[in-house]
Amino acid sequence: GAVVSQHPSRVICKSGTSVKIECRSLDFQATTMFWYRQFPKQSLMLMATSNEGSKATYEQGVEKDKFLINHASLTLSTLTVTSAHPEDSSFYICSARAQTVYEQYFGPGTRLTVT
Amino acid sequence: AQKITQTQPGMFVQEKEAVTLDCTYDTSDQSYGLFWYKQPSSGEMIFLIYQGSYDEQNATEGRYSLNFQKARKSANLVISASQLGDSAMYFCAMRFPNSGNTPLVFGKGTRLSVIA
C-alpha cells in the first residue's frame, strides 16, 4: 500500500513554544490530507481537512489560529501547534487520500508532550 | 447526524478461535464506505478491510471478513483463527458520503486481547 510519513515521531517542547509536524505522502499524490488527534485510550478525532493549495477546513471546536495547517504541495502538509500548552499534549496523526482510491492512508503519528 | 457505535470497549478471545467485533452506524446517505483499522500499541493505524455501501458481497481479506447487514446498519468485523499478534485496538470507521474530500469518522474502538 501507499506510504505516508510523519516527522518527528516524538517531540517534547516547553509551554509557549511552537511545534511543526510534517506529513508526507511518499509514493502518491495526496489531493486531500486530514489531521487527527488522539488522547490516551480514546478514538481519533478529526481536526481538519486540507486540500493542496487551499485553506484547511477545521472541525468545530478546533482553533484554527492555534493549529495552523498548510498543504503546500500534493505530497506535503504541515501542522503547526502555536503557543503550545500542556493540554495540547496528544498523539497527532495525519492521513492522506489520493483522488482515485477509496483507501485513506495514515502516517505513523507524532507524540507531542508539552511541559 | 452520522454516528458510529462500537459497543464493546474490550473483548477477550482464545488463540485460534474466531471473534466478532461489533459496529453499527446511522446515516441517511446512500453512498458510504465502511472501514476497519487495527491500532497496536505502537500507534500506527493499519487498514484491514473495506466495504462500499453498494457492494453486494461481504468483503474478505485473509482472516478478516466484514459482516455487512445494510438493513440493520451494521458492519461487524470477524477475525478467524485469532493470533496473539491480533491483540490491539480495533476501530470501525466510515466515510459518508463516499466521495471527494470526505474524511473518515471513527467509532470509539474495541480493545481485543488474545489469550494463549
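The values are calculated or read from the model by the stated rules, or taken from the named source; none is laboratory data. All of these numbers come straight from a predicted model, not from anything done at the bench. Every residue, glycine as well, gets a Cβ built from its backbone with ideal geometry; the counts of neighbours run over all protein chains shown.
Conditions tested, residue by residue: (1) assigned to a strand (DSSP E or B); (2) hydrophobic (A, V, I, L, M, F, W, C); (3) under 13 Å from the mean Cα position of the chain (by Cα); (4) under 24 Å from B:K38 (Cα atoms).
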position	(1), (2), (3), (4)
A:S15	no, no, no, no
A:R24	yes, no, yes, yes
A:D65	no, no, no, no
A:T78	yes, no, yes, no
A:S83	no, no, no, no
A:E87	no, no, no, no
A:E103	no, no, no, yes
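Of all positions in the range B:52-65, at least one carries a residue that is within 11 Å of another protein chain (Cβ to nearest Cβ) and part of a strand (DSSP E or B).
Only one of B:R111, B:R95 is farther than 21 Å from A:Q104 by Cα, within 11 Å of another protein chain (Cβ to nearest Cβ) and either crowded, with 17+ Cβ neighbours inside 10 Å or touching a residue at least 12 places away in the same chain (Cβ under 8 Å) (or both); which?
On the way: B:R95 fails: farther than 21 Å from A:Q104 by Cα.
Testing whether each residue is farther than 21 Å from A:Q104 by Cα, within 11 Å of another protein chain (Cβ to nearest Cβ) and either crowded, with 17+ Cβ neighbours inside 10 Å or touching a residue at least 12 places away in the same chain (Cβ under 8 Å) (or both) leaves just B:R111.
One line per residue, one yes/no per condition, for (1) surrounded by fewer than 16 Cβ atoms within 10 Å (Cβ to Cβ); (2) farther than 18 Å from A:S95 by Cα; (3) out of contact with any Ser or Thr (no Cβ under 7 Å at 6 or more places or on another chain); (4) within 14 Å of chain A (Cβ to nearest Cβ):
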residue	(1), (2), (3), (4)
B:F35	no, no, yes, yes
B:L48	no, no, yes, yes
B:N76	no, yes, no, no
B:S80	yes, yes, yes, no
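Among the residues examined, B:Y25 qualifies as outside any loop (DSSP other than H, G, I, E, B) and of a type in the set (F, W, Y). Listed by first and then second residue, the pairs linking a residue in the range A:65-92 that is within 14 Å of A:M33 (Cβ to Cβ) and within 14 Å of chain B (Cβ to nearest Cβ) to a residue that is basic (K, R) and surrounded by 19 or more Cβ atoms within 10 Å (Cβ to Cβ), with Cβ atoms under 7 Å apart and 6 or more places separating them unless they lie on different chains, are A:Y92/A:R37. Residues in the range A:70-105 that are of a type outside the set (S, T, N, Q) and at pLDDT below 95: A:H71, A:A72, A:L74, A:L76, A:A96, A:R97, A:A98, A:V101, A:Y102, A:E103, A:Y105.
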